[in-house]
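Student: One structure, pasted below without further comment.
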Amino acid sequence: MKNIIKKITMLAWACSILVMAYSCSIDKVLDPNGPSVSSVQQNASKGQLNELVVGIESTTRDGLGVEVTASGTMARELYLFDADPRNTGDVLGKDGIALDNNSFYSTQQWNGNYRATKNANLLIEAAANTEFVTDAESNGYIGFAKTMQAYELIQILKSYDKARLDVADPDNPGPILDFNDALSQIRALLDEAQGNLSSAGDSFAFPLSSGFSGFDTPATFTQFNRAVAALAAVYAGDGTAALTALTGSYFDISGALDLGPDHIFGLGGGDQANPVFRVPSTPDNINNGDQIIVHDSWINEAEAGDTRVEDKAEPRLDPSSQDGLTGTHETRLYATNVSPIKILRNEELILLYAEASILASNLQDAEDALNTIRTSASLPNYAGAQTADALTTELLNQRRYSLWSENHRMFDLRRYGLSNTLPIDRPGDVIYNVFPVPLSENE
């Protein structure tokens, strides 16, 4: 097994789920080398299985901050001005520097996504090998785990363009697969999970956090599963399958844009704060030393009156500069350090519906969906040509503003072959659109 994934083991969580956050402590164990894993592989109690569920929810947040800020920098959505010169150097290809496969921007997201993936593997194995839950309950655990695992692996594909899917056996892992092969298997995994959830009865045997409020039964969690399946289908260029999956999700073209599950955060022991929040600058603290600065192109190229700009960014009292880079606005995407981060919300599903409709040649449906997004941002209806190319351009622009700083732009440009349209911020900068697989994972 390659080093990073091999070192990822499930922590023995003793957690209670609060209204908006986890309160967690680590169980004391006699053998520090992994007894928490062996103790649940056979005949795990329902309490142990439930702790694994909490562990999965918790670890899906790991690496999220770097995932967003590093990809956002590469996509010229933002600058991260802090004490680490790699944030304005490496990821922007300063003076032609190559990306490092052993730096935080290449390892932290990989570690976080695979930590959650390994926890999901453990839950699948544990739920299938215990006498303390019914078949329906076992299917609930397994359907949840497979769905979360698929979502995490999609994030790996978006950032690295490849993924190692088979990590169940730490001593005999599967190969790292290219994008298309990996995505095909992820789509099959989501369909397997849907089958498990359909056999899980009316309720789960485990609680989910408040982040999954409204998606915490087999039937309602299946809606999340189908939303992820639609996402994967669009990424595979399969518009027809995406439209079918959306019918089983919580997609609602006239519904609330923020409908969907959340990552939740807290400040208690064992928890973590929102990693993308930054303290706003003030007259007394204009340069607070750790800032997410909005790329000027995102401000300057917005349509007049687009309320997403004022909702997500705020002009600074003075422009902020570092390492030859300057920006006039700073992030206001999250109000506090415990604000939730949406996992997959209806606004994104409406955009996925528009994209799937373009792929399926349902151009009027695509235009109608894009107009829903435009209207929500106080913009007039789309007035361009009703062709696949023109609507795709409009789609990518709406995704740019609706999904700013959420780890989408870099992947969107890469999958449409448009990375070379990004601005060069300084002479000698290089545009990168994929992170290197960590050194210790290379074959």
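Student: Answer with yes or no whether ALA150 is buried (at least 24 other Cβ atoms within 10 Å of the Cβ), assigned to a helix (DSSP H, G or I) and in contact (Cβ under 8 Å) with a residue 40 or more places away in the chain.
Tutor: Yes.
Student: Within region 63-103, which residues are among the hydroxyl-bearing types (Ser, Thr, Tyr), surrounded by fewer than 22 Cβ atoms within 10 Å (Cβ to Cβ) and part of a helix (DSSP H, G or I)?
Tutor: none
Student: Of the residues LEU157, LEU190, LEU208, which single one is without any contact (Cβ under 8 Å) to a residue 60 or more places away in the chain and within 23 Å of the chain's Cα centre (by Cα)?
Tutor: LEU190 is the lone residue from the list that is without any contact (Cβ under 8 Å) to a residue 60 or more places away in the chain and within 23 Å of the chain's Cα centre (by Cα).
Student: Ok, one more. Would you be able to say whether some residue in region 332-340 is small (Gly, Ala, Ser) and either within 14 Å of ARG76 (Cα to Cα) or in a helix (DSSP H, G or I) (or both)?
Tutor: No: region 332-340 contains no residue that is small (Gly, Ala, Ser) and either within 14 Å of ARG76 (Cα to Cα) or in a helix (DSSP H, G or I) (or both).
Student: Still on this structure: Can you say whether ALA360 is buried (at least 20 other Cβ atoms within 10 Å of the Cβ) and farther than 16 Å from GLU77 by Cα, as far as the supplied structure shows?
Tutor: no
Student: Name the residues in region 68-121 that are under 20 Å from ASP425 (Cα atoms) and within 17 Å of the chain's Cα centre (by Cα), would you?
Tutor: Listed by number, the residues that qualify are VAL68, THR69, ALA70, SER71, GLY72, THR73, MET74, ALA75, GLU77, TYR105.
Student: Considering (1) among the basic types (Lys, Arg); (2) at negative phi; (3) touching a residue at least 40 places away in the same chain (Cβ under 8 Å); (4) touching a helix residue (DSSP H, G or I) at 6+ places or on another chain (Cβ under 8 Å), say which one LYS94 fails and leave the rest.
Tutor: For LYS94, the exception is condition (4).
Student: Right, next: Would you mind finding the one in ILE292, ILE350 that is surrounded by 15 or more Cβ atoms within 10 Å (Cβ to Cβ), part of a strand (DSSP E or B) and under 21 Å from the mean Cα position of the chain (by Cα)?
Tutor: Only one candidate qualifies: ILE292.
Student: Go through region 391-406 residue by residue and tally those that are open to solvent by 10 Å² or more (accessible area, probe 1.4 Å) and either within 11 Å of GLU303 (Cβ to Cβ) or in a helix (DSSP H, G or I) (or both).
Tutor: Matching residues across region 391-406 total 6.
Student: Can you spot a residue in region 132-141 that is free of Cβ contacts under 8 Å to residues at least 40 places away in the same chain and open to solvent by less than 30 Å² (accessible area, probe 1.4 Å)?
Tutor: yes
Student: So which of ASP258, ASP202, ASP284 ends up being closer than 25 Å to ASN371 by Cα, open to solvent by 50 Å² or more (accessible area, probe 1.4 Å) and not polar (S, T, N, Q)?
Tutor: Just one listed residue meets the conditions, ASP258.
Student: Is one or more of the residues making up region 167-180 under 23 Å from ILE341 (Cα atoms), modelled with pLDDT of 95 or more and touching a helix residue (DSSP H, G or I) at 6+ places or on another chain (Cβ under 9 Å)?
Tutor: no
Student: How many residues, within region 159-174, are assigned to a loop (DSSP other than H, G, I, E, B) and either of a type in the set (Asp, Glu) or touching a strand residue (DSSP E or B) at 6+ places or on another chain (Cβ under 7 Å) (or both)? Walk me through how you get there before you give the answer.
Tutor: Initial filter on region 159-174 (assigned to a loop (DSSP other than H, G, I, E, B)): 161, 165-174.
Remaining after also requiring either of a type in the set (Asp, Glu) or touching a strand residue (DSSP E or B) at 6+ places or on another chain (Cβ under 7 Å) (or both): 161, 165-166, 169, 171, 173-174.
Of the residues in that region, 7 qualify.
Student: Out of curiosity, is ALA128 open to solvent by 10 Å² or more (accessible area, probe 1.4 Å) and either within 18 Å of SER199 (Cβ to Cβ) or among the basic types (Lys, Arg) (or both)?
Tutor: Yes; evaluated as a whole, the condition is true for this residue.
Student: I'm checking my understanding of the structure. Among residues of region 301-320 that are part of a strand (DSSP E or B) and modelled with pLDDT of 95 or more, which one is surrounded by the fewest Cβ atoms within 10 Å (Cβ to Cβ)? Write out each step before concluding.
Tutor: Step one: list which residues in region 301-320 are part of a strand (DSSP E or B), which gives 313-320.
This time we only want the ones that are modelled with pLDDT of 95 or more, so: 313-315.
Values: ALA313: 25, GLU314: 15, PRO315: 12.
Taking the candidates together, the pick is PRO315.
The values are calculated or read from the model by the stated rules, or taken from the named source; none is laboratory data. The shown structure was predicted, so the numbers you read here are calculated from the model rather than taken from an experiment. Please note: Cβ atoms are built from the backbone with ideal geometry, for glycine as well, and neighbour counts cover all protein chains shown. Side chains are part of the model used for accessible areas, which takes the heavy atoms of the whole protein and leaves out ligands, DNA and RNA. Shrake-Rupley method; radii C 1.70, N 1.55, O 1.52, S 1.80 Å.
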